[in-house]
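The values are calculated or read from the model by the stated rules, or taken from the named source; none is laboratory data. Note that the coordinates shown come from a computational prediction; the quantities given were computed from them, not determined experimentally. Counting neighbours? That spans all protein chains shown, and the Cβs are built from the backbone with ideal geometry, glycine included. The accessibility values were calculated without ligands, DNA or RNA, using every heavy atom of the protein model including side chains. Shrake-Rupley method; radii C 1.70, N 1.55, O 1.52, S 1.80 Å.
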Amino acid sequence: MVVLVTGANGQLGQSLHYIATNYPELHLVFCSSSDLDITDSEHCETVFSKTNPDYCINAAAYTAVDKAESEPEKAHLINVVGARNLAEVCQKHNTVLLHISTDFVFDGDKKTPYKEDDIPNPTGVYGQTKLDGEKAIEAVFEKYYIIRTSWVYSQFGNNFMKTMLRLASERDALSVVNDQIGTPTNAVDLAGALISIILSNKNAFGIYNFSNEGQCSWYDFAKEIFEINKVKIDLKPIPTTSYPTPAKRPPYSVLDKTKINSTFEIEIKNWEESLKMTSL
Ligand code: NDP
């Protein structure tokens, strides 16, 4: 089975690469943004004609949440036009598309975990383009899995965990918001879940949530990162109002994993357990 991975140099792309050798039955073809620019439909067609994939994992995205507020056209091009191009080329080549979306499609006003059929209401450009990307795929064909995830970190690329460790090496004290609640997701666990979906061969297409289990604030997440890595730092909890950002964040974005769990019997680790297993 041939699985084409777009955005291979990103966090998720590298995490898929990291676990690929565990699955000798799959032939994973990794395409960086220069191997395959998803905004270029002819480029998509050329690569699909050459590789003829059974599955395509779209790990490519515009992910700069705050920058998106000042460059909405670029975010739209990658997250919406790119997603549509992939859906169209997948439809043509009878390829199943696994596309990654985000908790930022929700406004965060709920007080209980978000289910797949809760009404999205993004509050920023990034979330809006990710939601529009989902809709663009749904408008093209039915053979898609859209997996919404949250707070992705890993030993690869840029993420909150690596930023915290870098800042701690430069400063004696740090302030982190403690009134935004969500769940960290180890990109390696997300990569494993995507492979499980492919190997299940269930064709239970649709939208699914995936993150690690449990919930915490960014402050709790930072505290755990420092404890695990034995970093001594004066860490202070602060409200969101003390850390204004160009894009508004959802105050609560815990995702309900019942659907993915029951459909594919994916065992999901608690976020703290998974963080402990992340080696730098
Ligand atoms: P990264 O930002 O680490 O990686 C994104 C990758 O997409 C980069 O390697 C980038 O390539 C590539 N890319 C950008 N534009 C194009 C293009 N036109 N054609 C092909 N590739 C392109 O993202 P993550 O791995 O963190 O995110 C994976 C998915 O998870 C995304 O869909 C994201 O929206 C979603 N998500 C992420 C969260 C997070 O906290 N990071 C939270 C929730 C959801 P290059 O390096 O060359 O620029």
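Amide H contacts of residue 206: 144, 145, 146, each under 5 Å away and 5 or more positions distant or on a separate chain (H built 1.01 Å from N in the peptide plane; Pro and chain starts excluded).
Ordered from largest to smallest accessible area (heavy atoms of protein chains, 1.4 Å probe), the residues 230, 110 come out as 230, 110. The simple spin-label model puts a point 7 Å past each Cα toward its Cβ; for residue 213 and residue 169 those points are separated by 3.4 nm. Shown for the chain: the carbon plus sulfur share of the solvent-accessible area, taken with all protein chains present and a 1.4 angstrom probe, equals 49%.
Assuming charge only on the beta carbon of Lys and Arg (+1) and of Asp and Glu (-1), the dipole of segment 38-106 about its Cα centre is about 200 debye to the nearest 20. The calculated 222 nm mean residue ellipticity attributable to helices in the chain amounts to -11000 deg cm²/dmol, summing -39500 (n - 2.57) over DSSP H runs of n ≥ 4 and dividing by all residues.
Using the 1.4 Å probe convention, the accessible area of the chain works out to 45 Å² per residue with neighbouring protein chains retained. Could you tell me the center-to-center distance, by alpha carbons, between segment 215-280 and segment 60-138 in angstrom? Segment 215-280 and segment 60-138 have Cα centres separated by 21 Å.
Report, in listed order, any pair from 110/130; 202/259; 110/162 with a Cα-Cα distance greater than 23 Å.
110/162
Measuring only protein heavy atoms, the 1.4 Å probe finds residue 42 accessible over about 140 Å².
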